[in-house]
Amino acid sequence: MNEPQRAFGGRTEAAFLDWGRFVVRHRWSSIAVSVVVTAWCISWLPQITIDNSTESFLHRDDPTSVRYRDFRDRFDRDDRLVVALAPEDIFAVDFLEKLRRLHLALEAELPTTQEVTSLFNARTTRGEGDRLIVEDLLEGWLDEWPEDAARHTADLRDRVMANPLYLDTLVSRDMRLTVVTIKPFTYSAIGSDDALAGFDDGGADESEAPFLTAAESDALMTALHDVVERFESDDFPIHIAGALAVSDHINHSLIDDMSKFMGACIAIIILLLFLLFRRVTGALLPIGVVMFSVLAAIGIMVFLEIPASTTVQILPVFLLTVGVCDAVHILTISYQRLAVGDTREEAVAYAIGHSGLAVVMTSLTTAAGMMSFITAEMAPVAQLGVIAPIGVLLALAYTLVLLPAILVVVPLEAPRQEGGRMIGAALARGLVRIGELAADHPKRVLVGAAIFTAVSLLGASQARFSHYALRWFDESDPVRVSAELVDRELHGSLSLEVVIDTGRENGLHDPDVLRRVEQAMRFAEQMQRGEIFVGKAISVVDILKETHQALNENQSDFYRLPDDRRLIAQELLLFESSGPEDMQEWVDPQFRTARISLRAPFVDAMLYQPFIDEVDAGMRRILADEIEVEMTGFMPVLAGVVSSMIVSMGRSYAFALVVITPMMIFLLRNIKMGLLSMIPNLMPVIFTLGVMGALGIALDASTIMIGAMVIGLAVDDTIHFAHKFRIYYDEFGDSRAAIRETLSSTGAALLFTSLVLASGFGVMTLASTTNTRNFGMLAALASMVAFVADVLVAPALMTLFVQHEKKRNA
């Protein structure tokens with residue numbers, strides 16, 4: 001068995017040695033090709049986009065996403081930007097005058113905005129004789145401020161309180177808060193002279209009228225913040241809320257965090273490299289080469305139309321740390337060969353031959369670990385599964401092409417050893433002692449590892465899933481404060497849309513159908529399950545009741561549904577012909593389908609699906625079998641994100657294990673050894689889940705990626721250890737000696753690469769959002785646990801394996 005293994009390693013190392021010599025001979029061509037490829041990739045960077053909208057978490061073909069897009073096609077978008085104001089008196093003339101100026105500025109300056117609604121232009125319906133008048137609440141005030149405004153506002157409070165539709169939508173129930181709602185266009189204006197293109201013929205062709213783009217949303221939010229900053233003061237505080245505001249805040253936090261991450265990560269790695277090599281070239285060359293791969297990967301990401309997101313933001317730091325670890329192995333051997341008298345050309349070629357196989361295998365396993373995300377149900381995670389493996393392979397290519405070419409071009413001398421040699425020797429001795437301890441007492445070590453794993457599993461059993469974007473921000477964060485204020489005062493800002501289909505044209509003219517719709521609305525408003533409740537239910541029923549009251553001398557007793565089908569049809573037609581476009585938001589032109597809009601608070605999305613299921617069951621029971629019911633809106637999208645998160649985690653873990661385990665078996669040329677080598681790689685994953693359960697850190701869109709990613713990274717150290725162990729065991733025939741030689745030659749490098757990984761991920765604790773901070777802390781801890789497992793558990797496993805094989809063959 002030994003000879004095939006030795007031959008395999010010899011032939012492979014010879015091939016890498018030949019490659020090293022080839023690159024050294026063609027150094028300038030290698031540099032030129034690398035520069036040209038990188039320049040092409042970088043040329044795409046100006047087109048980068050950022051998208052952290054909730055819809056972007058789902059694939060376009062996900063059923064929840066399809067239903068939501070279809071709903072928007074039929075009834076327009078359900079989300080609004082909310083500008084909330086809480087003065088001492090919302091009906092005071094001074095406040096109304098400021099509110100008017102703010103309203104006009106928003107209308108004039110906000111791009112891609114379809115409608116701005118406030119106390120001034122909220123719809124009011126009244127009757128004069130046999131006429132139905134649908135007009136603004138403060139008709140004409142936006143055009144011209146009346147001189148006797150105080151007299152006109154005397155009864156404004158009563159008029160607002162008399163309209164049930166205003167409560168929890170336009171004003172709070174205690175009349176201490178009012179809002180300006182901003183309705184963005186549903187469709188993008190890019191490539192079209194008409195922002196409303198696609199509304200013709202009652203629908204939109206997605207290929208001609210895509211939904212509002214991330215760039216347009218960003219422009220809208222920028223303009224909104226500019227207006228608010230101009231108007232806000234101590235006596236006129238303004239709060240901005242809504243899903244678009246949260247997404248925009250996440251986008252800007254991502255940009256700020258990325259610059260912090262990269263700067264801190266580069267500084268830490270340069271320091272570590274300098275401590276290791278004691279040369280400026282040794283500190284700067286790996287960073288320079290790896291930055292080529294980072295920029296190239298981001299350029300390809302833009303080329304593939306993958307937007308930046310909170311999930312994808314780990315990519316630059318991840319590639320930087322992984323790429324540096326590859327480069328360090330080549331540079332370490334090059335310096336060692338220079339120290340014994342080799343020329344630069346000989347030293348670099350030898351380094352490629354010596355470490356090329358291990359570098360390739362570690363890159364492939366890391367890429368496989370990241371590729372596991374490609375199966376994810378969450379779109380950003382799946383996108384990371386595409387671009388991260390590409391980035392890892394780019395880092396590998398630059399390490400095997402650009403780095404050796406540069407090493408023979410720039411002045412390169414053996415590193416200064418004073419101080420460094422003592423540190424390296426001390427580290428090597430310490431790691432060797434740990435390895436020998438494991439070899440001498442393998443069963444004790446494994447029992448301890450088993451106890452450690454059992455405790456971690458106990459903690460992991462307490463881990464929970466969550467998707468609560470607001471809680472990613474600190475309690476004092478303005479966006480979180482604003483969102484919680486609006487939720488609290490208006491009893492819910494999130495939509496659950498119930499689309500009903502009567503199955504026939506003019507089915508909504510049927511009094512019995514409308515009565516059941518109203519009954520379903522009242523049922524929903526009684527729903528409360530823990531933190532979730534329906535604060536408001538709105539539908540075409542409200543429009544009809546409002547119209548019926550107006551046509552009956554505005555008497556409150558007539559705020560009800562008519563009993564006659566023909567009267568219902570006439571009143572709806574009369575309202576529709578009076579001018580407002582409100583009707584198209586609530587029913588289709590054939591009066592066959594309609595929406596019931598339910599407003600609920602923004603809570604942990606993990607809680608939504610049971611609530612949706614209960615609302616759905618109740619609605620179906622009330623509306624009867626002949627009326628089809630479909631749940632959509634922003635709440636089901638959030639619930640879909642949680643469902644996708646759970647499926648994504650399971651798939652990524654399974655994919656990583658199924659792909660990486662055969663690679664380990666192939667490398668070690670032994671099934672049992674390959675399987676055993678995976679045990680140390682699972683320990684950091686279980687430990688991470690245990691820490692999350694113990695500390696109450698949720699599995700969210702960021703932290704669900706840690707497991708599969710750590711498996712891919714932990715395998716890197718295992719490959720270096722197991723590969724060298726096998727070579728030294730074949731040479732000495734003694735497991736203890738093989739462990740000693742393995743750790744004395746590669747232990748310090750394993751420690752250094754683990755420190756690089758831990759430091760790289762550790763800088764993410766500087767993030768402005770808790771989900772990213774948690775990811776950085778957990779990934780850093782997992783990296784160090786993986787190192788400990790490789791220098792303590794792996795030697796114990798290898799020792800027992802060898803002892804077992806000897807007994808079996810005796």
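The values are calculated or read from the model by the stated rules, or taken from the named source; none is laboratory data. As the structure is a computational prediction, the values presented were derived from the model and not from experiment. Glycine gets a Cβ as well: all are built from the backbone with ideal geometry, and neighbour counts include every protein chain shown.
Mind listing just one residue for me: the one in segment 467-478 that is surrounded by fewer than 20 Cβ atoms within 10 Å (Cβ to Cβ) and part of a loop (DSSP other than H, G, I, E, B) and, of those, nearest to the chain's Cα centre (by Cα)?
Applying the filter and picking the extreme gives TYR468.
Across segment 15-72, what is the total count of residues that are more than 30 Å from THR375 (Cα to Cα), assigned to a helix (DSSP H, G or I) and not hydroxyl-bearing (Ser, Thr, Tyr)?
19
Can you name every one of the helices (runs of 4 or more DSSP H) wholly within segment 487-587 that holds 1 or more residues which are more than 22 Å from GLY127 (Cβ to Cβ)?
Answer list for segment 487-587: 511-525.
Residues THR718, THR769, THR742: which one is of a type in the set (Ser, Thr, Tyr), crowded, with 20+ Cβ neighbours inside 10 Å and at pLDDT below 80?
Details: THR769 fails: at pLDDT below 80; THR742 fails: at pLDDT below 80.
Just one listed residue meets the conditions, THR718.
Could you please find all residues in segment 361-402 being in contact with a Leu (Cβ under 7 Å, 6 or more places away or on another chain), over 18 Å from THR311 (Cβ atoms) and aliphatic (A, V, I, L, M)?
MET361, ALA395
Residue check: is ILE686 free of Cβ contacts under 8 Å to residues at least 60 places away in the same chain and more than 21 Å from the chain's Cα centre (by Cα)?
No; evaluated as a whole, the condition is false for this residue.
From the list LEU102, LEU119, pick out the single residue that is in a helix (DSSP H, G or I) and surrounded by 14 or more Cβ atoms within 10 Å (Cβ to Cβ).
When all the criteria are applied, what remains is LEU102.
Can you tell me which of ALA656, ALA708, ALA639, ALA701 is crowded, with 20+ Cβ neighbours inside 10 Å and modelled with pLDDT of 85 or more?
When all the criteria are applied, what remains is ALA639.
So VAL447 fits all but one of (1) surrounded by 16 or more Cβ atoms within 10 Å (Cβ to Cβ); (2) over 27 Å from LEU699 (Cα atoms); (3) among the hydrophobic types (A, V, I, L, M, F, W, C); what number is the exception?
Every condition holds for VAL447 apart from (1).
Output the number of the condition that MET663 fails; it satisfies all remaining conditions of (1) in contact (Cβ under 8 Å) with a residue 40 or more places away in the chain; (2) in contact with a His (Cβ under 6 Å, 6 or more places away or on another chain); (3) of a type outside the set (Gly, Ala, Ser).
Every listed condition holds for MET663 apart from (2).
Tell me yes or no: at least one residue of segment 79-89 is assigned to a loop (DSSP other than H, G, I, E, B), touching a Ser or Thr at 6+ places or on another chain (Cβ under 6 Å) and surrounded by 16 or more Cβ atoms within 10 Å (Cβ to Cβ).
yes
Of the residues LEU781, LEU755, LEU751, which single one is at pLDDT 90 or above and surrounded by fewer than 24 Cβ atoms within 10 Å (Cβ to Cβ)?
LEU781
Is it true that some residue in segment 5-13 is more than 30 Å from SER644 (Cβ to Cβ), modelled with pLDDT of 90 or more and outside any loop (DSSP other than H, G, I, E, B)?
no
Among all residue pairs at least 6 apart or on different chains, which show Cβ distances below 6 Å where the first residue, located in segment 443-470, is farther than 30 Å from LEU485 by Cβ and the second is surrounded by fewer than 18 Cβ atoms within 10 Å (Cβ to Cβ) and among the hydrophobic types (A, V, I, L, M, F, W, C)?
Qualifying pairs under 6 Å: GLY459/ALA694.
Would you mind telling me which numbered condition in (1) crowded, with 24+ Cβ neighbours inside 10 Å; (2) closer than 23 Å to THR742 by Cα GLU805 fails?
In the conditions (1) crowded, with 24+ Cβ neighbours inside 10 Å; (2) closer than 23 Å to THR742 by Cα, GLU805 misses (1) alone.
Going through segment 589-628 one residue at a time, which ones are closer than 16 Å to LEU572 by Cβ and touching a Phe, Trp or Tyr at 6+ places or on another chain (Cβ under 8 Å)?
Result: ALA594, ARG595.
Residues PHE292, PHE318: which one is in a helix (DSSP H, G or I), over 28 Å from SER768 (Cβ atoms) and not hydroxyl-bearing (Ser, Thr, Tyr)?
Only one candidate qualifies: PHE292.
Between residues in segment 704-729 that are at positive phi and in the same structural domain as ARG773 (by TED's automatic domain parsing) and residues that are of a type in the set (A, V, I, L, M, F, W, C) and modelled with pLDDT of 75 or more, which pairs lie under 8 Å by C-beta distance while being six or more apart or on different chains?
none
When only residues in segment 721-739 that are aliphatic (A, V, I, L, M) and surrounded by 24 or more Cβ atoms within 10 Å (Cβ to Cβ) count, which is farthest from ALA779 (Cα to Cα)?
As a first pass, look at segment 721-739 and keep what is aliphatic (A, V, I, L, M): 722, 727, 737-739.
Keeping just the survivors that are surrounded by 24 or more Cβ atoms within 10 Å (Cβ to Cβ) gives 722, 738-739.
Details: ALA722: 23, ALA738: 30, ILE739: 27 Å.
So the residue we want is ALA738.
Any residue in segment 24-37 that's under 15 Å from GLU345 (Cα atoms): show its pairings with residues that are part of a loop (DSSP other than H, G, I, E, B) at Cβ separation under 7 Å, as long as the two are six or more apart or on different chains.
Listed by first residue and then by second, the contacts come to VAL24/VAL408; ARG27/VAL408; ARG27/VAL409; SER30/VAL401.
For every residue, the table says whether it meets (1) modelled with pLDDT under 85; (2) surrounded by 20 or more Cβ atoms within 10 Å (Cβ to Cβ); (3) outside the structural domain of ALA779 (by TED's automatic domain parsing).
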position	(1), (2), (3)
ALA339	yes, no, no
THR343	no, no, no
SER355	yes, yes, no
THR362	yes, yes, no
THR365	yes, yes, no
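Of all the residues that make up segment 264-308, how many are among the polar types (S, T, N, Q) and within 22 Å of the chain's Cα centre (by Cα)? Give the steps one after another, and end with the answer.
If we filter segment 264-308 for residues that are among the polar types (S, T, N, Q), which is where we start, we get 281, 293.
Imposing the further condition that a residue be within 22 Å of the chain's Cα centre (by Cα) reduces the set to none.
Count: 0.
Given the options GLY618, GLY633, GLY640, GLY674, name the one that is closer than 27 Å to LEU797 by Cβ and of a type in the set (Gly, Ala, Ser).
Every option except GLY674 fails the conditions.
So which of ILE270, ILE314, ILE298 is crowded, with 22+ Cβ neighbours inside 10 Å, at pLDDT 85 or above and more than 30 Å from VAL82 (Cα to Cα)?
Result of the check over ILE270, ILE314, ILE298: ILE298.
Residues that are farther than 27 Å from MET709 by Cα and touching a Gly at 6+ places or on another chain (Cβ under 7 Å), at least 1 per element: which helices (runs of 4 or more DSSP H) completely within segment 721-810 meet that?
Values: elements: 735-762, 770-788, 794-809.
Filter on segment 721-810 gives 735-762.
Criterion first (modelled with pLDDT of 95 or more, out of contact with any His (no Cβ under 8 Å at 6 or more places or on another chain) and within 27 Å of ASP73 (Cα to Cα)) does LEU494 satisfy it?
No; evaluated as a whole, the condition is false for this residue.
Tally the residues that are assigned to a loop (DSSP other than H, G, I, E, B), more than 44 Å from the chain's Cα centre (by Cα) and surrounded by 11 or more Cβ atoms within 10 Å (Cβ to Cβ), restricting the search to segment 142-171.
Looking only at that region, the number is 4.
Any residue that is charged (D, E, K, R), in a helix (DSSP H, G or I), farther than 13 Å from LEU81 by Cα and not assigned by TED's automatic domain parsing to the domain that holds PRO111 - is there at least one of those in segment 245-258? Full working, then the answer.
If we filter segment 245-258 for residues that are charged (D, E, K, R), which is where we start, we get 248, 256-257.
Those left that are additionally in a helix (DSSP H, G or I): 248, 256-257.
Remaining after also requiring farther than 13 Å from LEU81 by Cα: 256-257.
Add one more test, that the residue is not assigned by TED's automatic domain parsing to the domain that holds PRO111, and what stays is 256-257.
Yes - at least one qualifying residue is present in segment 245-258.
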